[in-house]
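S.K.: Following this message is one structure expressed as structure tokens.
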Amino acid sequence: MSVRVETLILFGATGDLAQRMLFPSLYNLHVDGLLAEALTIVASGRSKMDRAGCHALVRAALADHLSADRLDEAQIAGFLDRIDYCPVDAGAGTGYDDLAALLGDRLGRPLGAYLSTPPSMFGPIAEGLAGAGIACAECRIAMEKPIGHDLASSRAVNEQVGRAFAEDHIFRIDHYLGKETVQNLLALRFANMLFEPLWNAQAIDHVQITVAETVGLEGRVSYYDGVGALKDMVQNHMLQLLAIIAMEPPASVSSTAVRDEKVKLLRSLRKMSAADVKAHSVKGQYSSGAVNGGAVAGYADELGHPSNTETFVAIKAYIDNWRWKGVPFYLRTGKRMPQRKSEVLIQFKPVPHNIFARGGAGKLDANMMIINLQPEENIRVKVMAKQPGLDRDGVKLKEVTLDVSLSHSFAGERRRIAYERLLLDFIEGEQTLFVRRDEVEAQWQWIDSILGAWAEIDLAPQSYTAGSWGPSSAIALIERDGASWHD
Ligand code: BG6
């Protein structure tokens with residue numbers, strides 16, 4: 001068991017993520033008695049403010065982002081008691097000495113620096129911490145995504161951070177790994193005998209992974225434009241989902257075993273050429289339309305100028321290994337879709353011979369398993385059943401659904417924010433749910449092949465109406481193969 005950090009330094013503490021997710025998650029852990037009594041939190045940002053000012057900010061964040069039944073004045077006071085504030089200007093490289101002075105006796109003791117800052121600050125902050133003697137051998141660092149914007153830049157960030165912290169002290173965050181439902185994919189695959197024997201090219205026709213959002217730019221213009229859906233969603237969240245769905249069984253759930261299997265899988269993704277992306281990828285950008293019954297502006301209108309950034313991407317990917325030979329993995333993600341849903345669909349092959357075919361009555365649909373990750377949490381398996389009757393004209397069959405609702409099965413258990421799990425694992429030094437350097441780099445290798453091929457053929461995004469499932473070519477991408485998206 002790794003040591004627990006005694007101090008958590010939160011860089012970017014005045015930012016949006018800290019307000020929405022990090023402070024509420026830490027507070028929840030505090031209320032549940034999961035933070036050691038002695039753990040102190042040092043919030044840090046560029047803004048100059050005192051401890052009281054920071055406490056007012058945190059208090060407001062809790063009120064805005066937690067339900068009233070979680071808020072308790074005595075608990076809030078106890079939580080705020082843990083929190084100090086120290087301004088650091090990471091860009092200018094100033095404030096680290098003040099931080100070291102504030103840490104006092106805690107300097108040299110295990111601490112965790114959590115970076116919820118622009119990615120360009122990851123390297124400089126790691127160096128700043130090392131320069132001020134704040135990065136000790138037992139100290140660790142956590143970083144939000146993205147790590148770089150391509151393979152070369154991600155290597156540069158990893159090198160720079162790696163000079164101050166050893167790899168087993170670096171925690172790269174992909175918040176999808178903190179989601180209970182994503183962790184449940186491991187349980188589904190490896191705690192049941194039912195599925196694994198069929199989890200391969202012999203039995204599976206294709207796999208679909210959809211991460212659809214109804215939101216648009218959400219005021220993130222400066223970050224999102226020029227980044228786009230491929231780098232924002234596919235490079236990280238979707239490839240992590242794909243890796244967990246498709247990897248070989250790890251020997252255990254240890255961080256090494258799980259991440260070894262994921263990286264093997266990620267390295268097996270077939271790189272894409274110009275010809276491949278022409279046939280197997282679609283970029284889209286939303287135009288004005290309606291979502292959830294309300295009119296919404298198009299991406300370029302929100303931005304105030306035309307742009308080539310894609311807000312939707314669909315890709316037909318292949319994994320070149322024994323298990324998945326010839327099985328297409330259709331990935332699709334987009335903003336301003338008709339509904340929010342993250343879903344994995346496993347389309348099985350038809351039975352080898354239909355004994356019910358006589359007279360055309362017994363038409364068989366191939367089995368399908370649909371794993372809903374959010375907002376609903378359920379697993380549905382479509383199976384064929386005999387329709388009741390005397391069968392004078394042959395056996396009539398009908399598709400019925402085995403429906404397992406996880407929210408129902410675990411009703412009464414509080415669904416935790418993904419960041420609660422990730423922050424606790426970070427504090428305790430458990431790395432399984434964090435992305436290792438070789439994974440990030442394997443992800444970028446595949447993404448770079450697509451970006452390079454897109455640039456080569458100068459692929460522009462096609463327009464889709466906000467509130468639709470993307471450009472029509474995304475539908476054609478899968479229908480050409482005789483399948484269709486599960487909408
Ligand atoms: C983030 C992306 O990583 O994930 C956002 O930058 C996206 O663009 C978000 O909206 C989606 O996360 P979730 O948890 O709402 O599915």
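The values are calculated or read from the model by the stated rules, or taken from the named source; none is laboratory data. In this text the structure is predicted, and so the values were computed from the model without any measurement. Methodologically, a virtual Cβ is constructed for each residue, glycine included, from the backbone with ideal geometry; neighbour enumeration extends over all protein chains shown. Protein only, heavy atoms only, side chains kept; ligands, DNA and RNA dropped before computing areas. Shrake-Rupley method; radii C 1.70, N 1.55, O 1.52, S 1.80 Å.
S.K.: Towards the positive end of the charge dipole of region 204-353, with charges on Cβ (+1 Lys, Arg; -1 Asp, Glu), say which of Val313, Ala246, Leu345 has the farthest Cα.
M.R.: Toward the positive end, the furthest listed residue is Ala246.
S.K.: Next question, about the same structure. If the only charges are +1 at each Lys and Arg Cβ and -1 at each Asp and Glu Cβ, what is the size of the charge dipole of region 227-302 around the Cα centre, to the nearest 20 debye?
M.R.: On the way: 9 positive and 7 negative charges, 72 e Å.
In debye, rounded to 20, region 227-302 gives about 340.
S.K.: Hey, rough spin-label estimate for Phe195 and Ala279, points 7 angstrom out along Cα→Cβ, what's it come to in nanometres?
M.R.: According to this spin-label approximation, the distance is 3.0 nm.
S.K.: Using bins 5 angstrom wide from zero, how does P(r) for region 113-248 break down, in % of all Cα pairs?
M.R.: Spelled out bin by bin, region 113-248 gives 2, 8, 15, 17, 16, 14, 12, 9, 5, 2, 1, 0 percent.
S.K.: Continuing with the same structure: Under the Karplus relation 6.51 cos²θ - 1.76 cosθ + 1.60, θ = phi - 60°, what is the ordered set of whole-Hz ³J(HN,Hα) values for region 279-284, x standing for Gly and Pro?
M.R.: 8, 10, 9, 9, 10, x
S.K.: Report, to the nearest whole %, how much of the accessible area of region 364-487 belongs to carbon and sulfur atoms, 1.4 Å probe, protein only. All intermediate terms of the calculation are to be shown ahead of the outcome.
M.R.: Details: 2970 of 5970 Å².
Carbon and sulfur together cover 50 percent of it.
S.K.: Hey, how many Å between the Cα centroid of region 293-317 and the Cα centroid of region 149-211?
M.R.: 27
S.K.: Taking every pair of Cα atoms in the chain, average 1/r, invert it to obtain the Kirkwood radius, and report Rg/Rh to two decimals. Each step should come with its number before you reach the end.
M.R.: Numbers: Rg = 24.4 Å, Rh = 24.4 Å.
Looking at the chain, the ratio lands at 1.00.
S.K.: Follow-up. Within region 10-50, list the residues whose amide N lies under 20 Å from a label point set 7 Å along Cα→Cβ of Ala68.
M.R.: 24, 28
S.K.: On a 0 to 90 degree scale, rounded to 10, what angle separates helix 151-164 from the longest Cα axis of the chain?
M.R.: Tilt of helix 151-164: around 40 degrees.
S.K.: Between Ile355 and Arg415, how many nm apart are label points set 7 Å from Cα along the C-beta direction?
M.R.: 4.2
S.K.: Keeping all protein chains in the complex and leaving out DNA, RNA and ligands, what accessible area do you get for Lys278 with a 1.4 Å probe, in Å² to the nearest 10?
M.R.: The accessible area of Lys278 comes to roughly 140 Å².
S.K.: Leaving out ligands, DNA and RNA, what percent of the accessible area of region 153-302 is carbon and sulfur, probe 1.4 Å?
M.R.: 54
S.K.: On a 0 to 90 degree scale, rounded to 10, what angle separates helix 418-428 from the longest Cα axis of the chain?
M.R.: 50
S.K.: Another question, if that's okay. Taking H placed 1.01 Å from N in the peptide plane, check which residues at least 5 places from Val291 or on another chain put their amide H under 5 Å from its amide H.
M.R.: Val296
S.K.: Follow-up. For the chain, what is the charge dipole size about the Cα centre, in debye to the nearest 20, if Lys and Arg each add +1 at the Cβ and Asp and Glu each add -1 at the Cβ?
M.R.: Taking the Cα centre of the chain as origin, the dipole is about 1520 debye.
S.K.: Let me ask something else. When only alpha-carbon atoms are used, what values of Rg and Dmax, in angstrom, describe region 21-100?
M.R.: Final numbers for Rg and Dmax: 13.5, 42 Å.
S.K.: For a test of the definition: using alpha carbon positions, the gyration tensor, and the 1.5 limit on a/c, classify region 286-330 as rounded, prolate or oblate.
M.R.: It comes out oblate by the Cα gyration axes.
S.K.: What does DSSP give for the chain in terms of the percent of beta bridges that are antiparallel, rounded to the nearest 5?
M.R.: Antiparallel bridges: around 60 percent, rounded to the nearest 5.
S.K.: Using a Förster distance of 56 Å, how high is the FRET efficiency between Asp320 and Thr94, based on the Cβ-Cβ distance and rounded to 0.05?
M.R.: Efficiency, from the Cβ-Cβ distance: 0.70.
S.K.: Evaluate the charge dipole of region 139-259 about its Cα centre and quote only its size in Debye, nearest 20, assuming +1 on the Cβ of each Lys and Arg and -1 on the Cβ of each Asp and Glu.
M.R.: 260
S.K.: Next question, about the same structure. What do you get for the angle between helix 180-190 and the principal long axis of the chain? Use alpha-carbon atoms, 0 to 90 degrees, nearest ten.
M.R.: Orientation of helix 180-190: about 50 degrees from the principal axis.
S.K.: Quote to one decimal, in nm, the extra length available between Ser47 and Gln202 on full extension: 0.36 nm per residue of separation minus the C-alpha distance between them.
M.R.: Taking Ser47 through Gln202 to full extension adds about 50.0 nm, to one decimal.
S.K.: Something else about it: For the chain, what does -39500 (n - 2.57) per DSSP helix run (n ≥ 4), summed and divided by total residues, give at 222 nm, in deg cm²/dmol to the nearest 500?
M.R.: Taking each H run of at least 4 residues, the total per residue is -9500 deg cm²/dmol.
S.K.: Got a sec to turn the phi values of region 315-321 into Karplus ³J(HN,Hα) couplings, 6.51 cos²θ - 1.76 cosθ + 1.60 with θ = phi - 60°, whole Hz, x for Gly and Pro?
M.R.: With coefficients 6.51, -1.76 and 1.60, one gets 9, 9, 10, 10, 10, 8, 8 Hz.
S.K.: In addition: For Lys363, go through the aspartates and glutamates and keep the ones whose alpha-carbon is under 16 Å away, minus same-chain ones fewer than eight residues off.
M.R.: Asp391, Asp393, Glu399
S.K.: If you don't mind, there's one more thing I want to ask. Please give the contour-minus-distance gain from Arg270 to Ser288: 0.36 nm per residue of separation, less the Cα-Cα distance, rounded to one decimal in nm.
M.R.: Length gained, Arg270 through Ser288: 3.0 nm.
S.K.: 7 Å from Cα along Cα→Cβ at both Leu303 and Ala455: what's the point-to-point distance in nm?
M.R.: 1.8
S.K.: Taking only protein heavy atoms into account and a 1.4 Å probe, give the accessible area per residue of region 382-487 in Å².
M.R.: Roughly 50 Å² per residue, with all protein chains present.
S.K.: So, one more: Compute, for His305, the solvent-accessible surface of its heavy atoms (probe 1.4 Å) with the complete set of protein chains present, and express it in square angstrom to the nearest 10.
M.R.: Surface accessible to solvent at His305 totals approximately 90 Å².
S.K.: Sticking with this one: On the protein heavy atoms, probe 1.4 angstrom, tell me the percent of accessible surface of region 1-148 carried by carbon and sulfur.
M.R.: Reported share for carbon and sulfur atoms: 52 percent.
S.K.: Of the listed pairs Lys349/Lys398; Lys325/Lys398; Lys341/Lys398; Lys264/Lys382, which have alpha-carbon separations greater than 21 Å here?
M.R.: Working: Lys349/Lys398 17 Å; Lys325/Lys398 31 Å; Lys341/Lys398 27 Å; Lys264/Lys382 31 Å.
Listed pairs above 21 Å: Lys325/Lys398; Lys341/Lys398; Lys264/Lys382.
S.K.: Let me ask something else. Roughly how far apart, in whole Å, are the Cα centres of region 60-82 and region 10-53?
M.R.: The two parts, judged by their Cα centres, are 11 Å apart.
S.K.: Which lysines, if any, have their Cα less than 17 Å from the Cα of Lys283, not counting same-chain residues under 8 positions apart?
M.R.: Answer for Lys283, where 17 Å is the Cα cut-off: Lys231, Lys316, Lys335, listed by chain and number.
S.K.: With θ set to phi - 60°, apply the Karplus curve 6.51 cos²θ - 1.76 cosθ + 1.60 along region 474-481 and write out the HN-Hα couplings as whole Hz, x wherever there is a Gly or Pro.
M.R.: 6, 6, 4, 3, 9, 6, 4, 8
S.K.: Another question, if that's okay. Enter the accessible area per residue of region 208-271 (Å², integer; probe 1.4 Å; all protein chains in place).
M.R.: 32
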